[in-house]
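Colleague: Sending over a structure as structure tokens; questions will come in a sec.
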Amino acid sequence: MIQRIQTIYLFLAVLACIAFIFVPFGQMKTLEDNTETLVIQHIPQLMICSIVVAVIALLSIFLFNNRKAQMKVVLVNSVLSVVLIGLFIFGVTQHIGIKNYIFGVGAILPIFILLFNILAYSSIKADENLVRSMDRLR
């Protein structure tokens with residue numbers, strides 16, 4: 001289980017989700033020229049979506065015996081990661097305003113979550129293709 005590279009990618013996706021919850025993702029300028037640090041705990045929709053993505057990635061690690069099911073779960077998780085990015089961008093542009101927002105370190109974490117899910121999917125697909133090619137030789 002741990003010797004497969006997709007397990008590492010999925011675990012990194014879980015760590016990126018957890019980091020996205022706790023790392024500030026930006027600052028918002030207020031009317032008095034002060035800045036307010038934004039963390040995901042203040043936005044319940046993003047927090048719930050991030051937790052769901054982390055739980056699905058963690059559960060998909062344990063589907064290593066069934067590669068086809070693992071591929072489907074990781075693909076669904078990739079779509080949820082895109083939804084997370086969409087919610088984040090929508091929240092920044094509509095509710096905060098792009099002029100009043102200063103990007104932080106945590107703002108790039110959803111992109112890493114999506115990247116790790118895509119890398120895990122491609123590694124699972126490569127394993128499946130390898131098994132199929134070995135079956136053809138028999």
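None of the figures in this text is laboratory data; all of them are computed from the coordinates on show. Keep in mind that this is a model prediction, so the values were computed, not measured. All Cβ positions, glycine included, derive from the backbone under ideal geometry; neighbour counts span all protein chains shown.
Colleague: With point charges of +1 on the Cβ of Lys and Arg and -1 on the Cβ of Asp and Glu, referenced to the Cα centre of the chain, which listed residue (VAL83, PHE11, LEU109) lies farthest in the positive direction of the dipole?
Modeller: Of the options given, the answer is PHE11.
Colleague: Mean separation of Cα pairs under 8 Å and 6+ residues apart, divided by the residue count of the chain: what relative contact order is that in percent?
Modeller: Details: 180 pairs, mean separation 51.3, N = 138.
The value is 37 percent.
Colleague: Please give every one of the lysines within straight-line cross-link reach of LYS68, meaning a C-alpha to C-alpha distance under 16 Å, and leave out same-chain neighbours fewer than 8 residues apart.
Modeller: Result set, ordered by chain and number: LYS125.
Colleague: So, R0 is 41 Å and r is the distance between the beta-carbons of THR30 and SER122; what FRET efficiency does that work out to, to 0.05? Intermediate values should be presented prior to the final figure.
Modeller: Details: r = 43 Å, r/R0 = 1.06.
With a Förster radius of 41 Å, E is 0.40.
Colleague: Now for a different question. If neighbour count is taken as other Cβ atoms inside 10 Å, put GLU32, GLU128 in order from fewest to most.
Modeller: On the way: GLU32 5, GLU128 14.
Going from sparsest to densest Cβ surroundings: GLU32, GLU128.
Colleague: Would you list which lysines come within 24 Å of LYS29, measuring only between C-alpha atoms, while excluding same-chain residues fewer than 8 positions from it?
Modeller: LYS99
Colleague: Then there is this: Using the membrane-span-like helix rule (whole DSSP H runs, Cα extent along the own axis of at least 15 Å, mean Kyte-Doolittle hydropathy at least 1.6), which helices of the chain qualify? List each step's numbers first, then the result.
Modeller: On the way: long enough: 5-22 (26 Å, 2.47); 44-61 (26 Å, 2.41); 67-90 (34 Å, 1.56); 109-137 (42 Å, 0.70).
Membrane-span-like by this criterion, though nothing is claimed about a membrane: 5-22, 44-61.
Colleague: Working out 0.36 nm times the residue gap between ILE108 and MET47, then minus their Cα-Cα distance, what length gain in nm do you get to one decimal? The partial results should precede the final answer.
Modeller: Values: separation 61, 0.36 × 61 = 21.96 nm, distance 1.54 nm.
Roughly 20.4 nm would be gained on extension.
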